[in-house]
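Working notes, beginning with the structure itself.
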Amino acid sequence: MGSQVAELFYEVDRLRAELLNTVEVTTDCHCVEAAVSHREILTRIENVILGIVTSLSRDEAPVLALPNRSSWANVSFDTGVGLQMTSGSSVTAIRSDCPSSVTKFAQIIKILSVIYRLVQSNSYATKRDIYYNSTQLFGSQTAVDNIVDDISCMLKIPRRSLHVLATSKGLISGDLCYIEEDGTRIDCHSSANAVAVSSNIGGIRNIVSSAKFVLIVEKDATFQRLLDDNFCAKLSPCIIMTGKGVPDVNSRLMVRKLWDILRIPIFALVDADPHGIEIMCIYKYGSVAMSFEAHSLTVSSVMWLGLLPSDIQRLQVPRDALIPLTKRDESKLNSLLKRPYLTTQPHWQKEMELMQQTKVKAELQSLAAIAPDFLTSIYLPNKLRYGGWV
């Protein structure tokens, strides 16, 4: 713990010295709008560091107050925005004189220091870069990921504005072209290969598309099946994308970007199980952990295309292709039905209650028990053509 404390106060002293030169550095920015944005970020970091310095000058142990990002008590529901953090949310005290929190305190100061330098120089780093720069301090990549989000929430600044990038895990394909911030032109039309979702969604410009809809696919395996069957070209111009399960922030930002620019229907294709439903809810309503960024991460217009529990009965999916709900599934389903946003979705409630009654779940692959190409040749075309979504 001694080395962590030493590094902590080294960073505080170094940042304190940097504050004296802040104006000289930030006034060199070429863009006025960027300079204002950078100045605001730097000011908020400076306020945190100056608070620490003030505590030290009084012989008091510095304390950081982090909004609690894991409590449902700290979020409210708005039909147009989704789950959003309330202004009076509870906080967690991260003390510099407590053995259980001093490491996290040092980690936060270290990352604040990195962000400060990145914003000053208008440069970027990945979260992996930060981790490998101080592996002993952070211990794991997950620690860096969580602290970057904590800092974003604490400073009330969108994560993408902190100049810390995350490697995207999402994929996108279909009738879509755009230009990355560095000028690279991205064409997503290839039926054979998908494009990795950008790690800097805010820098995307000149989006061009004739797509009639966006289809969010829960799993990579189903997404690859749609690619193999040339789904986008066969049906109608469209865009398909996957976050490969629980979506990362970049995948969610991309869906929101497409909605803001194209204003076309957005459908979700997920397994008929509690996990798939929750993933769809993250795209539509957001998550508790990222509720402080709800305005840029949620798309309230997302519609549930399938697989619906009622589809299982309607299509008479073979019984041996279905899976009994586990106790964990039932617990997750009960939890979902109590969420505040479900009161605005009676049709979703009905589908989930049907799952409760039948006590079975089904993966999208179960449709292959009807016919090998049933998903792409019959199920999706008919759903999209005749309005089989809720």
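To the nearest 0.05, what FRET efficiency results for Gln356 and Ala221 with a Förster distance of 22 Å applied to their C-beta separation?
The computed FRET efficiency comes out at 0.25.
As a test of understanding, state the convex hull volume per residue of the stretch 278-390 from its alpha carbons, in Å³.
117 Å³
Starting from the Cα of Asp129, step 7 Å toward the Cβ, then list every residue of the stretch 137-175 with an amide N under 17 Å from that point.
What the label zone holds, given the 17 Å backbone N cut-off, is 144-145, 148-149, 159-168.
Roughly speaking, what is the centre-to-centre gap between the stretch 289-358 and the stretch 146-214 when only Cα atoms are used, to the nearest Å?
Cα centroid of the stretch 289-358 versus Cα centroid of the stretch 146-214: 27 Å apart.
Output ³J(HN,Hα) for the stretch 168-175: one whole-Hz value per residue in order, computed from phi by the Karplus curve 6.51 cos²θ - 1.76 cosθ + 1.60 with θ = phi - 60°, and x for Gly and Pro.
7, 9, x, 10, 9, 8, x, 7
Could you run the Karplus curve 6.51 cos²θ - 1.76 cosθ + 1.60 with θ = phi - 60° over the stretch 374-385 and give me ³J(HN,Hα) per residue in whole Hz, x for Gly and Pro?
Couplings: 4, 4, 8, 8, 10, 4, 5, x, 5, 4, 6, 6 Hz.
I want to make sure I understand the PRE zone here: with the label point 7 angstrom from the Cα of His347 toward its beta carbon, which residues in the stretch 294-325 have backbone N atoms less than 11 Å away?
Counting backbone N atoms under 11 Å from the label point, the list is 303-306.
Which of Asp228, Asp182, Asp220 ends up with the largest GNM mean-square fluctuation for the chain, with Cα atoms connected below 10 Å?
Asp182
In this model, which of Lys156/Lys338; Lys104/Lys332; Lys234/Lys361; Lys127/Lys284; Lys212/Lys338; Lys212/Lys284 are farther than 24 Å apart at the alpha-carbon?
With Cα atoms farther than 24 Å apart: Lys156/Lys338; Lys104/Lys332; Lys234/Lys361; Lys127/Lys284; Lys212/Lys338.
Find how much the distance from Gln365 to Arg314 grows on full extension, using 0.36 nm per residue of separation minus their present alpha carbon separation; answer in nm with one decimal.
16.7 nm
Could you tell me which helices of the chain pass both thresholds, a Cα extent of 27 Å or more along their own axis and a mean Kyte-Doolittle hydropathy of at least 0.0, with helices taken as whole DSSP H runs?
Span-like helices in the chain: 32-57, 102-121.
How big is the stretch 171-386 by the Kirkwood estimate over distinct Cα pairs, in Å?
The Cα-based Kirkwood calculation yields 17.8 Å.
Tell me the label-point distance for the pair Phe374, Asp187, using the 7 Å Cα-to-Cβ offset, in nm and rounded to one decimal.
Result for the modelled spin labels: 3.8 nm.
When Tyr131, Tyr116, Tyr178, Tyr386 are ordered from fewest to most other Cβ atoms inside 10 Å of their Cβ, what list results?
By the 10 Å Cβ count, ascending, the order reads Tyr386, Tyr131, Tyr178, Tyr116.
If you take every DSSP beta bridge whose two residues both sit in the chain, what share of them, in percent to the nearest 5, is antiparallel?
About 65 percent, rounded to the nearest 5.
Can you list the aspartates and glutamates whose alpha carbon is less than 15 Å from that of Lys169, not counting same-chain residues fewer than 8 positions off?
Asp145, Glu218, Asp220, Asp248
What is the set of long-range amide H partners of Val75 at a cut-off below 5 Å, with H atoms built 1.01 Å from backbone N?
When sequence neighbours closer than 5 places are left aside, the close amide H contacts are Thr86.
Quickly estimate the mean residue ellipticity at 222 nm for the chain, helices only: each DSSP H run with n ≥ 4 gives -39500 (n - 2.57), and the total goes over all residues, rounded to 500.
When only DSSP H runs of four or more count, the value is -13500 deg cm²/dmol.
Rounded to whole Å and sorted largest first, what semi-axes of the equivalent ellipsoid does the C-alpha gyration tensor of the chain yield via the square root of 5 times each eigenvalue?
The answer is 43, 25, 17 Å, longest axis first.
Only the coordinates and a few stated rules stand behind these numbers; no lab work does. This one's a predicted model, so the numbers in the text were calculated from it and none came from an experiment. Heads up, the Cβs are rebuilt from the backbone with ideal geometry, glycines too, and the neighbour counts pull from every protein chain shown.
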